[in-house]
Structure formats: C-alpha cells, structure tokens
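Novice: Can you keep this structure in mind? I'll have questions shortly.
The values are calculated or read from the model by the stated rules, or taken from the named source; none is laboratory data. Computed from a predicted structure; not experimentally measured. Note that we place each Cβ from the backbone using ideal geometry, even for glycine, and neighbour counts take in every protein chain shown.
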C-alpha cells in the first residue's frame, strides 16, 4: 500500500508540473527591433513585400476558433488579419490586445483555384451537404473573384495571413 | 490446458481489471468530451451562451469620451470591472469585450445592442481542455492511456474462453466492430 501511495505521489507531482507551450513574451510594450511592424489597416497592401518573412502586428483578438483553437482573428478599427498556428491559442485571449509576431503567408486565388472551388461546390451540393441557397452564394462568390481579376487585369488575387510565431500582451 | 495458457489468462484478467480501474477517470474524460466535441456544430461545447438585448441613449461614437461612455454603459447592463477592450468593426458598430469571453455589440446609430454572455459549462469545459492536449505531460499521460487501450484489446482475447470468448460470440462481436468502420470508409472515402 505504501508503495502505491508513493507512486501516486510521484505521478501527481509529474502531472502538476505544467509546461507552457506558447512562446509568450509578457513584457509590457517590448518589441523586437529586427521585426518590422505593420498596422493591421495596411496589412493587405504591405504584406506582399514580406511574404515568408516575419512581421509584427498589433490588434485585439476578436475571435479564437472553437474548432481546435488554432486560428485567431486579430482586429483594429481599420481592418483584420487571420492568424493560424500549429498550437492551440488560449480562449482567454479573446478581447486581449496583443503584439503578434508571425510569418506572412500568401494564398493565391486564380482560375485553377476557382475551378476547384466550383468542382467542390457542385460536389457538396449534389451530395446534399449544402442547400440551394449556399450553392448559389458560393457560385456568386466565385464569380466575384473572376470579375475582380478581370476588372483589374490580373491573373490572381492574393490573400495574406500570418503564421503564428509568438505574441506579447499589451497591458 | 497448458500452464502457460493458464498463466496468460490469469495475467490478462489481472492487467485488464487493475489497469482498467486505474484508467476509469481518463476514460470518462475522453468519453464526455468526445460527445461534447463531436457535436460542435450544434452547440458551444465549452460555454453556455446567453443573449440579452438592450437599448442605450449614451453617445458611443468614436471620440475622446468613448471609453468613459462604455464604462457608463457597463454600469447599467453589467459591471465596469469586467471591461477588457473595444473596437469598431464598422462605422455603425461598437464591439466591447468583457473578461471571461463575453462581448457586447452596439449599433451606435440607434443604440440597440446585444450582450453575449458566456458561462463555462462545468465539468465539460475541463474535460474538453484535457481532450485538446494542453501540454507535454498530458501528452505522455494520454499516450500511456492509448497504450493501455491496446493492452485491453490484447488481454480481452484471453480473458474469456470457450464459446463466449474470442473464438465464439466474442469473435463475432469483434468482427462486427471492425467491419462497421471499414464499411464507413468504403462508403464515404
């Protein structure tokens, strides 16, 4: 019995040794000198210059994805940025103002992407996953992409997001 | 029956029973959170959500007095102590974040607003937290649990002998349990 209690005690100590997985820098207002900071309102226009490079953005966490918690939406009065992570974000971050460091990712919407979206839309509708209203809305959305590319005489639209590296809370 | 088989049956029973007792807690954690998270599209598995509509005459347009007016609003509908942050998602809307994940959205033109109060679901919130693998120690513990599940499978082959065991009715149940996911994969993949 004594041995069992001893083993349980060791086990309890091990479990209670909580390790923090997120790289959080809680130092007030501290930002790295090397990493350029972009205002969220200017993110879409400036991010193209920093693809695959680290940048910092400052904003309020509007939303932590409830499906796994690996996506957040960072907002200001002037715009928003989607952030993805391989680790979960703590839900208590919602409403916190943070300075987030992340790597700029570019998602390209081109004709091949539109064709794939079209195929997926038809498939999900024929399988009953989406109703007529959703099907038509998606169809219209795809057409909007095509119209936008045609109007601007470009072959793709770039969507920028951030891959999470670290953050610090602004208090 | 040889002594070796007898010993194997004996140890299978002992391990299945004792390790099984040890992992009752974690089994319940994964079972409860498994059901809760499976139906994520139907409900919020972590919080109950209460919506409360209100109307305010306070001026909440962007100005130097915005923060003070927000605190006055919170005095009326909640508590200023719960204020966390705010921003304007568009020209007409102010969103206020409260401590604990709750939030308030106000149409600043007509003063109509909705407060969305979140309250943790007791027990389910905690089990979901663990299900999402919060840290490395828990990863080890849950890996050991996964290993124990494999142990339960192996030991179950030897616990019951005869027509109720693996070569009888138990074997049929086992095959059915394997066929169902295979059929699912063939149909949906």
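Novice: Among the residues in the range B:142-154, are any within 14 Å of chain A (Cβ to nearest Cβ), assigned to a helix (DSSP H, G or I), at pLDDT 95 or above and closer than 21 Å to residue A:90 by Cα?
Specialist: yes
Novice: Let me ask something else. Would you say residue B:64 is modelled with pLDDT under 95, more than 13 Å from chain A (Cβ to nearest Cβ), at negative phi and loosely packed, with under 12 Cβ neighbours inside 10 Å?
Specialist: Values: modelled with pLDDT under 95: yes; more than 13 Å from chain A (Cβ to nearest Cβ): yes; at negative phi: yes; loosely packed, with under 12 Cβ neighbours inside 10 Å: yes.
Spelling it out, residue B:64 is indeed modelled with pLDDT under 95, more than 13 Å from chain A (Cβ to nearest Cβ), at negative phi and loosely packed, with under 12 Cβ neighbours inside 10 Å.
Novice: Take the conditions more than 22 Å from the chain's Cα centre (by Cα), at positive phi and within 14 Å of chain B (Cβ to nearest Cβ) and apply them to residue A:128. Does it pass? So that I can check it myself, show each step before the final result.
Specialist: On the way: more than 22 Å from the chain's Cα centre (by Cα): yes; at positive phi: yes; within 14 Å of chain B (Cβ to nearest Cβ): yes.
Spelling it out, residue A:128 is indeed more than 22 Å from the chain's Cα centre (by Cα), at positive phi and within 14 Å of chain B (Cβ to nearest Cβ).
Novice: Within the range A:97-113, count every residue that is more than 14 Å from the chain's Cα centre (by Cα) and surrounded by fewer than 17 Cβ atoms within 10 Å (Cβ to Cβ).
Specialist: Total meeting the criteria: 5.
Novice: Of the residues A:126, A:130, which single one is surrounded by 12 or more Cβ atoms within 10 Å (Cβ to Cβ) and either outside the structural domain of residue A:54 (by TED's automatic domain parsing) or farther than 26 Å from residue A:38 by Cα (or both)?
Specialist: Details: A:126 fails: surrounded by 12 or more Cβ atoms within 10 Å (Cβ to Cβ).
One residue alone meets the criteria, A:130.
Novice: Could you run through the range A:71-108 and say how many residues are more than 8 Å from every other protein chain (Cβ to nearest Cβ), at pLDDT below 95 and over 18 Å from residue A:159 (Cβ atoms)?
Specialist: Total meeting the criteria: 5.
Novice: Here are some conditions: (1) closer than 30 Å to residue B:128 by Cα; (2) within 13 Å of another protein chain (Cβ to nearest Cβ). Residue B:81 meets all but one. Which one does it not meet?
Specialist: Here residue B:81 clears every test but (2).
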